[in-house]
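Data first, discussion second: the structure below is written as structure tokens.
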Amino acid sequence: MTVGPVRAQVDRPAMVGVIDIQGVLRASTAVQNLSAEIEAQREEAQAAIQDREEALRAADQDLAQRRASLSPEAYAQERSKLETEGVALQRQLQEERRRLDQRFSQGMAQIQQVLLQISQDIASENDLDLIVAKTTVIIVRSEFDFTDEALQRLNAVLKDVPLPPTQN
């Protein structure tokens, strides 16, 4: 006697809901505020880097003007120092970009976690067996589309994402 997989006895057809997850995320207040905050931090960091880049360019021009009065060794030493500062500046810019990308990802993960809980609540309240992302659905009747409800709930629950303070 072979035993196959046990199947649950279902008294009714499966109830399925649909949520446009990407649409909810795009339209949510929390994502928009997070994006604006990260962009403001990115612009602030870029402005600080630009100031240092300008100072480095000015030092490079000054060194070029003083080249004739410097010994080859002194010139090479100062040139090397400027190049080292330039490399450090580029490394700092890359690190700042990475840090901001990481903060954005952390914020998005928090928002997605809240949206997952909202989706579970919607499923429970509407006796749904399954919720699928709208990207996988071609046609859905409006009574099975819970996108607007998910967005309204997300906006009501989460307007801003509490991110940990920046660490430099």
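The values are calculated or read from the model by the stated rules, or taken from the named source; none is laboratory data. Everything numeric here is computed off the predicted structure, so don't read it as measured data. Using ideal geometry, Cβ is built from the backbone for each residue, glycine included, and neighbour counts are taken over all protein chains shown.
Could you look through segment 147-167, keep only residues that are under 15 Å from I19 (Cα atoms) and out of contact with any Ser or Thr (no Cβ under 8 Å at 6 or more places or on another chain), and pick out the one that is surrounded by the fewest Cβ atoms within 10 Å (Cβ to Cβ)?
Top of the filtered list is Q152.
Quick one: count up the residues across segment 96-131 that are exposed (fewer than 15 other Cβ atoms within 10 Å of the Cβ), hydrophobic (A, V, I, L, M, F, W, C) and farther than 30 Å from A45 by Cβ.
2
Are there any pairs with C-beta distances below 7 angstrom linking a residue in segment 30-51 that is more than 30 Å from A150 (Cβ to Cβ) and of a type in the set (G, A, S) to a residue that is part of a helix (DSSP H, G or I) and modelled with pLDDT of 90 or more, with the two at least 6 apart or on different chains, and if so which?
A45/E96
Could you pull out the residue among R67, R91, R79, R99 that is charged (D, E, K, R), in contact (Cβ under 8 Å) with a residue 40 or more places away in the chain and not in a loop (DSSP other than H, G, I, E, B)?
Every option except R99 fails the conditions.
Can you tell me which residue is farthest from N33 (Cα to Cα) among those in segment 111-140 that are β-branched (V, I, T) and part of a helix (DSSP H, G or I)?
Taking the candidates together, the pick is T136.
Give me the pairs: first residue in segment 138-157 and under 15 Å from Q112 (Cα atoms), second residue among the β-branched types (V, I, T) and outside any helix (DSSP H, G or I), beta-carbon distance under 7 Å, and six or more apart or on different chains, which are they?
Sorted first by the residue in segment 138-157, then by its partner, the pairs are T147/I19; A150/I19.
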